[in-house]
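This report concerns only the one structure given below.
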Amino acid sequence: MVMNSKKTGAINISRKNIIGKHIASFIRYSNLPVKQSSGVVLNISNTPYNDENYYCYFSVRDQHQINDYLDSLFIIFFQKIMVEGKRQNRMFKTIIEIFISYFSLENDPTIYDRLKKFDYRDREYHASIVTKGFHRLSNQYITK
């Protein structure tokens, strides 16, 4: 979670990509300085307001919504990487290691096991949807 991390400093947000546009949509502007609960300094390019006249900030609720959005994107991206890696017949372990390296998550000793468990549960969940759907369809054809 970006907004709850212990890191402080500037975060550059650009509206040139979909993630930056979404995050920038939560920015609030004030004529007076606003205490940022996250300790994050925002550097925003292409803002609709003149940055020199306004203070930019996120509310606490905005921070939670941004974290939920980023968590969702992380999961979707992981799923896409897994699908593409399997399509290319890459080894399961290698795909996860590539993902970990891409996001510089090597410092988290539990990340490999968490991603491995998530992928297993995700595949089981989707397999159950397909199986249930197949049974429903086959029952429809049998009863007709």
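Here are some notes:
- Remark: pairs (first residue in segment 63-85, surrounded by fewer than 13 Cβ atoms within 10 Å (Cβ to Cβ); second residue basic (Lys, Arg); Cβ separation under 9 Å; 6+ apart in sequence or on different chains) = Glu84/Arg90.
- Test result for Lys16, modelled with pLDDT of 75 or more and surrounded by fewer than 13 Cβ atoms within 10 Å (Cβ to Cβ): yes
- Conditions (1) modelled with pLDDT under 90; (2) within 15 Å of the chain's Cα centre (by Cα): number failed by Tyr54: (2)
- Test: Ile95 is in a helix (DSSP H, G or I) and under 17 Å from the mean Cα position of the chain (by Cα): no
The values are calculated or read from the model by the stated rules, or taken from the named source; none is laboratory data. Bear in mind that the values here come from a model prediction, so they are computed numbers and not experimental data. Note that we place each Cβ from the backbone using ideal geometry, even for glycine, and neighbour counts take in every protein chain shown.
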